[in-house]
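The values are calculated or read from the model by the stated rules, or taken from the named source; none is laboratory data. Keep in mind the model is a prediction, meaning the values are calculated, not measured. FYI the Cβ positions are ideal-geometry reconstructions off the backbone, even for glycines, and counts take in every protein chain you see.
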Amino acid sequence: MKSGSLLHLAWRSLQRHRLANGITVFTTALAVGLAFAVFAINAQAQAAFVGGGNGYDAVLGARGSQLQLVLNSVFHLETSPGNIPWSLYKAAAGRPGVKRAVPLAVGDNYRGFRLVGTTLDFFTNPPEDSPPWKLDNGGRFFDPQRREAVVGSFAARESGLVLGSRFHPYHGLVFNEDERHQEEYVVVGILEPTNTPVDRVIFIPMEGIFRMEGHVLRGSGEAFTAESGHSIPEEHREVSAVLLDLANPQIGFSLSQQINRQGKVATLAFPIGRVVSEVFQKMGWAHRILALVSYLVLFIAGSSILTSLVQTLGSRKKEFAVLRALGLSRRRLFSLLILESSLLALAGSLAGFVVYAVLVFVASSLIRAQTGVVIAVWTFHPVFIWGPALMLALGAVAGVLPAWKAYKTDVAGHLGG
Amino acid sequence: MIIGYQLTPLGRPETALSLLELNHLRKSFDHPVVNGSFMLEVGEHVALTGPSGCGKSTLLHLISGILRPDSGTIKLAGTEITTLREGELDLFRAKNIGYVFQTFHLLESLTTLENVESVITFAGANHYPKARKILEDMGLKDKLSSFPHQLSVGQKQRVAVARAVVNEPPLVLADEPTANLDPPRAEGVLKLLRDTCRRANASLIVVSHDTRSVQDFDRVIDFREHFQEAE
């Protein structure tokens, strides 16, 4: 860097007031990092949830909210809206255009991690765009006729379940020690991490849910309790939801028309991504408020740059006068102050990426812990470009007033003793 | 850089040519502060004396173009500077005038070397090695990377003088360079200034309120007599 160049003078000046400028850069970094987080995390979370159907296109479930159905059966959140008869599952599975139909039954947990009853098809015959369900070394999928469990990676790690572990499920979706079932299950497989909600789930055979002590089946409308050693007639069976993999979207629209508009028994959530994206649309006002706050914080950061420069102006009048006397033009002196404020904004913007990294680490950990969804936080988002650009512009604007003051410095008046 | 006149191989003008001409120069604030004419020869060392606040510094600011006169002309090295636009005047000043301020006014954020190199950049030149050489010749080899607050008063003086002459200006202006210094130190500063200007063949105008320290200058001018009562 050439001595006396504007960049050199600006850099040295910022170094000289490094404490005040360091605080300004930190403040700016917080503002930029926050803006990054608000926009990028929202976009990536939306992308992760909207695309979180594990390859399935629709969910069939009890009459009620499509969103509740999706949250319960795909994201393993919320309570189940109710059950539907086994016959509906069989009817859906047999419809032309339905490539796969996988039943799910919920209602129990182990230390807060949901038990989901399903068939082996869930693991062995998934949709083409489903994550690969791989087991840790030594594991296998459950035998549908035995009390065996396959545990998601996060659930295994957090609950302490390992291959060969034996455990008793607890009734309900919320862990309550007093609600322990008598049945004992053995862990036969641990799933490798999939970065999907499945990581938080413990899968057991569908039959296991049906036969769990205290469970009453009402598939036929009448209460039925399974007895050991006796098969369960199909008319009594019921499921919480059915995941459907469809041959094409037309099938989904047709099914939706029949089930949601003409029928009164069940609900079809289709397409899953659209149902989830509605949540984000409904919550759009919250995002807009956060965005507004981000803009405000960026503006405050710009103001802190202005404050930082203005605070040092008084002590720098003599410096400006000397620079002018030595031949630095007014125009270049003006530019020097603009450059200083822009450098502060630039440094703050770069440091903003570090703040963002910390924020997203915390946010993504929380989201993963709560939902199992892993958001791709380092995926490019336009805010990574326009955020620093906006901050640079604000920084440059913040430099105008100090630059003007420097421009108007009374050179002769400040060269004395 | 000397413009408009010839030098002998020894660096002295063949004849006494004027470097600076002030004609009927007038500057007033709430009362007339500068009012007079003056001529400085090439290589001449002149001391302007007078009490503090009488207008000596204002005259230097007029000569350097920092202030504009109310009337009159200022011709330096053949250029009528009152007709220059501000940007031209800034560059002209950087190239043609070396300035030594009362308390040296080194730029605190720059190192010793950077202080001297910066004025080379301001003048649009690139003889950066010269900055190092002058400082080394002045015994500041070990202080090139030091900041002003790390220098003694004597070292600051030398940096200020080096900064004033590094662009080889035909004219060096020194505004009370001995103020607040004890007599031996004041004498040392003036000797350094004069020797350096002599080697660089630069004319020198030193403003001082202390007549004793400038007795051996080529001319000693009483500011009030010359610029406030003459015309």
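Restricting attention to helices (runs of 4 or more DSSP H) lying wholly within segment A:1-92, give those where 3 or more residues are farther than 30 Å from A:Leu333 by Cα and not charged (D, E, K, R). I'd like the intermediate steps shown before the answer.
Values: elements: A:6-16, A:18-36, A:42-50, A:66-73.
Fully inside segment A:1-92 and qualifying: A:18-36, A:42-50, A:66-73.
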Practice task
Can you give me the number of residues within segment B:37-85 that are closer than 19 Å to B:Pro170 by Cα, of a type in the set (Val, Ile, Thr) and more than 10 Å from chain A (Cβ to nearest Cβ)?
Solution key: 8
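Being modelled with pLDDT of 85 or more, surrounded by 15 or more Cβ atoms within 10 Å (Cβ to Cβ) and within 26 Å of A:Phe75 (Cβ to Cβ): is that true of A:Arg237 here?
Values: modelled with pLDDT of 85 or more: yes; surrounded by 15 or more Cβ atoms within 10 Å (Cβ to Cβ): yes; within 26 Å of A:Phe75 (Cβ to Cβ): yes.
In short, yes.
Can A:Val373 be described as modelled with pLDDT under 95 and more than 17 Å from A:Val322 (Cβ to Cβ)? Steps first, answer last, please.
Details: modelled with pLDDT under 95: yes; more than 17 Å from A:Val322 (Cβ to Cβ): yes.
Criteria met by A:Val373.
Quick grid of which residues meet (1) surrounded by fewer than 17 Cβ atoms within 10 Å (Cβ to Cβ); (2) within 12 Å of chain A (Cβ to nearest Cβ); (3) not basic (Lys, Arg):
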{"position": "B:Val116", "(1), (2), (3)": "no, yes, yes"}
{"position": "B:Gly124", "(1), (2), (3)": "yes, yes, yes"}
{"position": "B:Asp142", "(1), (2), (3)": "yes, no, yes"}
{"position": "B:Ala160", "(1), (2), (3)": "no, yes, yes"}
{"position": "B:Asn167", "(1), (2), (3)": "no, yes, yes"}
{"position": "B:Arg185", "(1), (2), (3)": "yes, no, no"}
{"position": "B:Lys191", "(1), (2), (3)": "yes, no, no"}
{"position": "B:Asp195", "(1), (2), (3)": "yes, no, yes"}
{"position": "B:Gln215", "(1), (2), (3)": "yes, no, yes"}
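Which residue out of A:Leu336, A:Leu328 is assigned by TED's automatic domain parsing to the domain that holds A:Leu390, over 11 Å from A:Ser13 (Cβ atoms) and either in contact with a helix residue (DSSP H, G or I) (Cβ under 7 Å, 6 or more places away or on another chain) or free of Cβ contacts under 8 Å to residues at least 40 places away in the same chain (or both)?
On the way: A:Leu336 fails: over 11 Å from A:Ser13 (Cβ atoms).
Just a single option satisfies the conditions, and that option is A:Leu328.
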Exercise for the section: Please state which one of A:Leu337, A:Leu390 is over 30 Å from the mean Cα position of the chain (by Cα), among the hydrophobic types (A, V, I, L, M, F, W, C) and part of a helix (DSSP H, G or I). Expected result: A:Leu337
Practice task
Give me a count of the residues in segment B:86-108 that are of a type in the set (S, T, N, Q) and within 8 Å of chain A (Cβ to nearest Cβ).
Solution key: 2
Practice task
Tell me, yes or no, whether segment A:36-59 has at least one residue that is at pLDDT 90 or above, closer than 27 Å to A:Val174 by Cβ and buried (at least 22 other Cβ atoms within 10 Å of the Cβ).
Solution key: yes
Exercise for the section: For A:Thr194, state whether it is in contact (Cβ under 8 Å) with a residue 40 or more places away in the chain and polar (S, T, N, Q). Expected result: yes
Problem - Total residues in segment A:150-208, condition among the charged types (D, E, K, R) and touching a Pro at 6+ places or on another chain (Cβ under 7 Å) - result: 3
Fill in the blank from the handout: Within segment A:60-84, restricting to residues that are of a type in the set (A, V, I, L, M, F, W, C) and closer than 23 Å to A:His287 by Cα, the one that is surrounded by the most Cβ atoms within 10 Å (Cβ to Cβ) is A:Val70
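If a residue must be without any contact (Cβ under 8 Å) to a residue 60 or more places away in the chain and either of a type outside the set (Lys, Arg) or within 27 Å of A:Leu71 (Cβ to Cβ) (or both), how many such residues does segment A:143-176 contain? So that I can check it myself, show each step before the final result.
From segment A:143-176, those without any contact (Cβ under 8 Å) to a residue 60 or more places away in the chain are A:146, A:148-151, A:153, A:155-168, A:176; that's our starting set.
Checking which are either of a type outside the set (Lys, Arg) or within 27 Å of A:Leu71 (Cβ to Cβ) (or both) leaves us with A:148-151, A:153, A:155-165, A:167-168, A:176.
Residues that pass the stated criteria total 19.
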Exercise for the section: Evaluate the following for A:Glu213: is it at pLDDT 90 or above and more than 30 Å from A:Ile367 (Cβ to Cβ)? Expected result: no
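For A:Glu319, are the conditions met, namely being within 17 Å of A:Ala10 (Cβ to Cβ), in contact with a Gly (Cβ under 9 Å, 6 or more places away or on another chain) and in a helix (DSSP H, G or I)? So that I can check it myself, show each step before the final result.
Numbers: within 17 Å of A:Ala10 (Cβ to Cβ): yes; in contact with a Gly (Cβ under 9 Å, 6 or more places away or on another chain): no; in a helix (DSSP H, G or I): yes.
Against the criterion (within 17 Å of A:Ala10 (Cβ to Cβ), in contact with a Gly (Cβ under 9 Å, 6 or more places away or on another chain) and in a helix (DSSP H, G or I)), A:Glu319 does not qualify.
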